[in-house]
């Protein structure tokens, strides 16, 4: 059954990974030609226009975008968190529900396999694909930075791990929500909506001290990139919360799935 799950979900894995790799490959190829002395002067002037709060949202108040690695730590990392978040959310929302949508749940139900085993296999495959995506994309970026110039290897490795702390909670939350639905078309909007709502809340929390409390309501707060860039170490509190949220929603998904009426 594991082999079947890997095969069924391989296409979406390749699509999302390709989007990330092609996007960043284009940036790495053209960046040396874009960043010149003249363009840097224009960028410096442009940066002075933006409020500090806006620059802080993209880490531009502490990172120079004169190099591809600098772009990776600022704007580039925003794209990574969003795309990885969307992939994990869609995976969580569809990994179980598509069996009902495609009517293959009847076949699975006819096999001498417990529901818990079915769900365990799907969760294992999903987490494996999420980790594989981060690993392959991390190796891709590592090679690119080795070729392009100097970079902080420890900082890079920690940053490459960070998306996992938002991907797993997003996956588990959407997995739990899918337990109450029967059609995948309903989960698509929910999965995408949660990603952007959490991200917007996180951005808003950076704009003013008055709304800083909003960060406690966003999964994206767990991707503490500013701490990594400043201290070159992971935030143990964020890791703990990420694991806790993931475990809670996975466990409740098991409880709900064993009682769910399948169609």
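A few remarks follow.
- Total residues in segment 9-37, condition touching a residue at least 12 places away in the same chain (Cβ under 8 Å) and assigned to a helix (DSSP H, G or I): 14
- Sole residue being in contact (Cβ under 8 Å) with a residue 24 or more places away in the chain, within 19 Å of the chain's Cα centre (by Cα), over 19 Å from residue 130 (Cβ atoms) and surrounded by fewer than 21 Cβ atoms within 10 Å (Cβ to Cβ), chosen from 200, 229: 229
- Test: residue in segment 235-257 that is in contact with a helix residue (DSSP H, G or I) (Cβ under 8 Å, 6 or more places away or on another chain), over 27 Å from residue 97 (Cα atoms) and touching a residue at least 60 places away in the same chain (Cβ under 8 Å): yes
- Boolean, residue 186 is out of contact with any helix residue (DSSP H, G or I) (no Cβ under 8 Å at 6 or more places or on another chain), at pLDDT below 90 and part of a helix (DSSP H, G or I): yes
- Every pair of residues 6+ apart whose Cβ atoms lie under 7 Å, when the first sits in segment 55-69 and is under 18 Å from residue 224 (Cα atoms) while the second is modelled with pLDDT under 80 and not in a helix (DSSP H, G or I): 55/61
- Among the candidates 25, 91, 82, residue that is touching a helix residue (DSSP H, G or I) at 6+ places or on another chain (Cβ under 8 Å), at pLDDT 90 or above, surrounded by fewer than 18 Cβ atoms within 10 Å (Cβ to Cβ) and under 25 Å from residue 197 (Cβ atoms): 82
- Residue check: residue 192 meets all listed conditions (1) within 23 Å of residue 7 (Cα to Cα); (2) under 16 Å from the mean Cα position of the chain (by Cα); (3) in contact (Cβ under 8 Å) with a residue 24 or more places away in the chain but one, namely (1).
- Of the residues 74, 18, the single one that is farther than 30 Å from residue 113 by Cβ, surrounded by fewer than 16 Cβ atoms within 10 Å (Cβ to Cβ) and at pLDDT 80 or above is 18.
- Residue in segment 208-224 that is in contact with a helix residue (DSSP H, G or I) (Cβ under 6 Å, 6 or more places away or on another chain), surrounded by fewer than 15 Cβ atoms within 10 Å (Cβ to Cβ), modelled with pLDDT under 95 and within 18 Å of residue 63 (Cβ to Cβ) present: no
- Matching residues, segment 145-170, being part of a helix (DSSP H, G or I), more than 16 Å from residue 17 (Cα to Cα) and in contact (Cβ under 8 Å) with a residue 24 or more places away in the chain: 145, 148, 154, 155, 156, 158, 159, 165, 166, 168, 169, 170
The values are calculated or read from the model by the stated rules, or taken from the named source; none is laboratory data. None of the values given here were measured: they were computed from a predicted structure. No Cβ is skipped: glycine too gets one built from the backbone with ideal geometry, and neighbour counts run over all protein chains shown.
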